[in-house]
Structure formats: C-alpha cells, structure tokens
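See below for the structure under consideration.
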Amino acid sequence: MTNPRSADPSATPAPALAAVRARRTYRLAVPPVSGVIRPRLVAVSALLAVSTFLLFCWSLTSGDYPIAFTDVVRALVRSGDPGTVLVVQELRLPRALVGLLAGIAFGVSGGLFQTMTRNPLASPDMIGLTQGAGTFVVAGIVLGWDGGLGTQTLGLLGALTTALVVYTLAWRRGTTGYRIILVGIGVAWICTSATDYLVAKGGRFQAQAALGWLVGNLNGRTWSQVGPLAIAVAVLLPTALLLGRLLRTLQLGDDVAIGLGTRVQPVRLAVLLSGVGLIAFATAAAGPVAFVALAAPQIALRLARTAWPPTLASGLTGALMVLGSDLIARTLISGTELPVGIVTGVLGAPILLWLLVRANRAGSGG
C-alpha cells in the first residue's frame, strides 16, 4: 500500500525537491541511450564558453600595438589589414591559445582528481604531479640532461614518472583517494626539495631560466607549444567526459560503486592517466601555473550547483582564470610582463585558505 505521505509532493524536503526539478531526463530508442540534462549546468557552461571566447579575443587586442576588438575577430579568419593579421596570427595567437588550452587542461584535470578522491583539496599541484614535471625540466636545464628533448617532453616525462611513483606507493590491494593524497603530498615535497637543490646548484643564467619556467609563464610561446597541447586536449577531454558517469559512482564509496557494477580500480586508473596526461602537457607548455587546477573545479561546482566538479565547466573556468590572469600580468605594470603564475598564485591562495577553513568547519580538515 502506498504511503500517502510519500505520495504527497509537499512531504519531500525542499532541497531534494529543488534538485529533482532542476533536472530533465531523456531516453532515445535508437541508439538506446538515456541520461539526465541539468538546465542550470548547461546554461552555466554556455555562459562560460561565451565569456572565454570574448576574453580570448580581448587578450589579443592588448600589446605594444593596440588592435580593435572587431579587427581581432576579422584577423582570426585571416581577413582585414595584412599587418594586423600578421600580428594576431603569428605573434599573439600562439600565446593566447596556450593559455586557453592549458587553462582547460588544468581545470579538467583538477576536477577529475577532486571527484576521484572525493576531496576538494586534491589537485595535481597538491599531489606532486606539477612538482615532478618541474624537477625534470630544471634537471634538464641545470644538468644538461635534456638531450635535445626540450621542456615539453621533459615536463611530460616528469609528470608521468611522478604519477607512476605515487600510484605504486599508494597501491595496497588497490588504491584509495585518501592514500593517493597522502602519498602525493610526500612525493610533492621530495620533488620540491630536489628542484630547490638543482636551482641552487645551477649557474646564474641557468637558475634564471629555471625559475622563469617554474613560476608558470606564457611569455614567448610559439606554435611549437600549441600543437602537442592541442592534440592532448582533443584526445583526453572527450575521454574525461566519457568517464564522467563512472567517475560519479566512485563518490559513493568503493563498496557501493562495486555494487553498481563499476570496476573501481580500472576506472580509477583510467581517470588517473587522463588527468596526468592533461596536466603533463599543460605544464610542459605553460609551466606549473599555480592554483588553477585547485580553484577552477570548485568555482565551477558552485556556479553549477552540482554535487561534483562538472568536467566541461571546470575546464572553461580554468581557461577564464589563465586568460584573465595573463591579461592582468601584461597590463598591471606598464612595460613589464609578469609571469601568469604570479597572478594565479595571488588569486588562488585565498581560495585554498577558504577551502581549508571550510574543511575544518565540516570536521574533515584534520
């Protein structure tokens, strides 16, 4: 017999009822696909996409040779004054594209790790991945071990090696998000200490080159940095989106996820590889830009009001953060182009402190 109270919509708690009304389900006969559409998430993602495009174009107007916004849009399709097209296409566009793609990669990677570990403080720059990439790059610069590979390849190898070390040390009949975070923090400090030693050991010019990359910098970026990063985002972003449904079951705990038919360890490994690939290519192209992977998913989560960091919205938020910070870095001090990592660090540090305070108030901050 049906409980009259349960049949009464007014008996449903207001937050739960609001969450149900905020979703729309769909089902297709051919192909046999069903799912849930969240109108607010779609609207937020669309707004972030438009804002990212406008800020992307606006960043191309800034420089020693100011260009009107409409002229920038025309130059993007190789239309208009040839001089303007040259400046936009060859001098400014590679830098803006690296910022855009790196921001997307940082945001998506941070969202993957935070969802997998069920911890808002879990991000690639908190569990050692960016530090590992930095150690390999600095070793190549200071010790001359690059062998002609360049910072991109060294950064990629560093992030992948660090991820392998973290995953191996965290393995004990499987892995958990908690162990990955603890091991990652320890590995991060080891890599940081090694990097500091290498910088102190290197010569003056080597140390300057290493420090310029370690802060996170978009100065002097060319098409050679755009290509590998664009390919990585084109391959790994759809992979991350496809993993989204399985990833959300991990938030319910390993036992519940297994009961729902999720192969926990293969899914966790696939998520780890996707996140590492994104962060490795982004760090190799732009350097370890601080706090973007940590802050972007949390900002997107609160904008979309979802229970987990939304993947696409996290990436778009990361792109906005990097492009906006780079624009501030170029225009804040006249005649000086600050590294973008300095600005993201200043903006991201308060967000980290806020997350720590929030975790302590919730009783999960230790």
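Where Rh is the Kirkwood radius over the Cα pairs of segment 83-151, the temperature 20 °C and the viscosity 1.002 mPa s, what D in µm²/s does Stokes-Einstein return? The partial results should precede the final answer.
Numbers: Rh = 14.7 Å.
The estimated diffusion coefficient comes to 146 µm²/s.
Which whole-number percent of Cα pairs in segment 192-327 have a distance greater than 18 Å?
On the way: 5966 of 9180 pairs.
Here the long-distance tail beyond 18 Å is 65 percent of all Cα pairs in segment 192-327.
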Under the Karplus relation 6.51 cos²θ - 1.76 cosθ + 1.60, θ = phi - 60°, what is the ordered set of whole-Hz ³J(HN,Hα) values for segment 312-320, x standing for Gly and Pro? 5, 5, 5, x, 5, 5, x, 4, 4
Simple spin-label estimate for Leu47 and Gln265 in nanometres, 7 Å along Cα-Cβ: 4.4 nm
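Normalised by the empirical 2.2 N^0.38 Å for globular proteins, what value does the Cα Rg of segment 36-166 take?
Working: Rg = 19.4 Å, N = 131, 2.2 N^0.38 = 14.0 Å.
Normalised by 2.2 N^0.38 Å, the Cα Rg of segment 36-166 equals 1.38.
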Which of the three applies to segment 238-318, rounded, prolate or oblate, going by the alpha-carbon gyration tensor with a ≥ b ≥ c and a/c under 1.5 meaning rounded? oblate
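The numbers here are math on the coordinates, done by the rules we state, and not lab data. Quick caveat, the model's predicted, so the values are computed rather than measured. So basically every Cβ, Gly included, is an ideal-geometry build from the backbone, and we count neighbours across all protein chains shown.
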